[in-house]
1. Step by step: first the residues of region 359-386, then only those that are assigned to a helix (DSSP H, G or I) and surrounded by fewer than 17 Cβ atoms within 10 Å (Cβ to Cβ), then the one that is nearest to the ligand (Cβ to nearest atom). Which residue is that?
2. Which of the residues spanning region 422-452 are within 14 Å of the ligand (Cβ to nearest atom), in contact with a helix residue (DSSP H, G or I) (Cβ under 7 Å, 6 or more places away or on another chain) and either assigned to a loop (DSSP other than H, G, I, E, B) or outside the structural domain of residue 359 (by TED's automatic domain parsing) (or both)?
3. Please find, within region 406-416, the residue that is nearest to the ligand (Cβ to nearest atom) out of those that are buried (at least 17 other Cβ atoms within 10 Å of the Cβ) and within 15 Å of the chain's Cα centre (by Cα).
4. Could you identify the single residue in 399, 394 that is in contact (Cβ under 8 Å) with a residue 12 or more places away in the chain and either part of a loop (DSSP other than H, G, I, E, B) or within 14 Å of the ligand (Cβ to nearest atom) (or both)?
5. Among the residues of region 323-343, is any within 16 Å of the ligand (Cβ to nearest atom), free of Cβ contacts under 8 Å to residues at least 40 places away in the same chain, surrounded by 17 or more Cβ atoms within 10 Å (Cβ to Cβ) and under 21 Å from residue 290 (Cα atoms)?
6. Considering only residues that are near the ligand (Cβ under 10 Å from one of its atoms) and closer than 17 Å to residue 416 by Cβ, which ones fall in region 270-284?
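The values are calculated or read from the model by the stated rules, or taken from the named source; none is laboratory data. Nothing here was measured: the structure is a model prediction, and the numbers come from that model. Note that we place each Cβ from the backbone using ideal geometry, even for glycine, and neighbour counts take in every protein chain shown.
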Ligand code: SF4
């Protein structure tokens, strides 16, 4: 792929090389890609992969996952020019290969999400298209001959009946080494003989996904070598910063811009903190009220969040002063702390308008003793988290479900489950940003008020 800055149209279309909708991404396409598309396409694909990751962590069933993948693909991988859809698919995949080749952990996540995406997309293809994909990609599986079929027909029928999918005369079978179909083997859904599995056409997704995964796994290792040996240096000023930002970046709405009208005022801040703040902000808010002080990390995390929910600068100064002055006195507050609050609002120093922290940023922070910032799902002990959830009104099996996600390091899913338990409403988009939590909560509560 050649990355260009100009507005030139792509010189070749990857789509023109294949008639199928799905690609095995065997080699990078001969395309010119505009720098903007390089990043935007990757962000769109990342939204799909993150949606899949959320769906799997929430334990969605295969049918639900199939629906979710279809919706995610439709929502994010469209292109105003239909002939460019496949190019977008291929370009975004190769960009994310660069992003996710760089560490074991990143490779593992990408491999798993891309394989899931491929598996569901393959299942949605028609049988004809699946057959043509198999021959196009020269998968090393041959359909068994009529003569061989006759020798094993009875056994195949027995397996087919036991899984409730009787054979018809035209069912095509492939023979594959049994270790390549672990799911079918474990679920006793194939006939095995002499180390080979006889896989019916409707089960080939398992074979194809295994091939896809093994191919991608090798490619990621090779891409990593290229990245460390050349690309990282040659693209130091151009692609490398985009690539590095993509694996940690926040992909949701922008909360950096001040709202047109104030969303929160001092008179209702207490009520809204208890009804609509996510746990990370509620904890900071409560600690501030209790100790009349927060260290720098806490002031930044809560201060920028409050700015993002619409607390005006004048109100922010009054709010922080009313607490801090009880501990350090009004004069010291004016001298030492007011500056950094104005700074957060872009009124001091470089006049940068600082952005409220995303969940990823909060989760990856490293609070020390005496700090109260960070994400409670990641940084609290299980006992403290249980107590904090109970204080928020979450109890019983909901708490167990949340703690289960925390043990598996799915902190944002745990926060989403808390949101759902508190608001008694599903929230399929998942929490990615504390300000998103607040906005979604206000919307639900306002709707409830209007309908009563
Ligand atoms: S998941 Fe995000 S919103 Fe929820 S507590 Fe953690 S940082 Fe805050």
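1. We begin by selecting, within region 359-386, every residue assigned to a helix (DSSP H, G or I); these are 359-363, 376-379, 382-386.
Subset that is surrounded by fewer than 17 Cβ atoms within 10 Å (Cβ to Cβ): 382-384.
Values: 382: 15, 383: 17, 384: 13 Å.
Only one residue tops the list, namely 384.
2. Answer for region 422-452, where residues must be within 14 Å of the ligand (Cβ to nearest atom), in contact with a helix residue (DSSP H, G or I) (Cβ under 7 Å, 6 or more places away or on another chain) and either assigned to a loop (DSSP other than H, G, I, E, B) or outside the structural domain of residue 359 (by TED's automatic domain parsing) (or both): 427, 430, 431, 432, 433.
3. If we filter region 406-416 for residues that are buried (at least 17 other Cβ atoms within 10 Å of the Cβ), which is where we start, we get 406, 410-416.
Those left that are additionally within 15 Å of the chain's Cα centre (by Cα): 410-416.
On the way: 410: 10, 411: 5, 412: 5, 413: 9, 414: 7, 415: 3, 416: 8 Å.
Result: 415.
4. Details: 399 fails: either part of a loop (DSSP other than H, G, I, E, B) or within 14 Å of the ligand (Cβ to nearest atom) (or both).
The unique qualifying residue is 394.
5. no
6. Once the filter is applied, which keeps residues that are near the ligand (Cβ under 10 Å from one of its atoms) and closer than 17 Å to residue 416 by Cβ, region 270-284 yields 277, 278, 279, 280, 281, 282.
Residues checked against (1) buried (at least 18 other Cβ atoms within 10 Å of the Cβ); (2) over 23 Å from the mean Cα position of the chain (by Cα):
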{"site": "202", "(1), (2)": "no, yes"}
{"site": "219", "(1), (2)": "yes, no"}
{"site": "234", "(1), (2)": "no, yes"}
{"site": "243", "(1), (2)": "yes, no"}
{"site": "266", "(1), (2)": "no, yes"}
{"site": "285", "(1), (2)": "yes, yes"}
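Residues are listed down the side, and each one gets a yes or a no for (1) in contact (Cβ under 8 Å) with a residue 40 or more places away in the chain; (2) outside any loop (DSSP other than H, G, I, E, B); (3) within 14 Å of the ligand (Cβ to nearest atom); (4) touching a strand residue (DSSP E or B) at 6+ places or on another chain (Cβ under 7 Å):
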site: 347; (1), (2), (3), (4): no, no, no, no
site: 357; (1), (2), (3), (4): yes, no, yes, no
site: 388; (1), (2), (3), (4): yes, yes, yes, no
site: 420; (1), (2), (3), (4): no, yes, yes, no
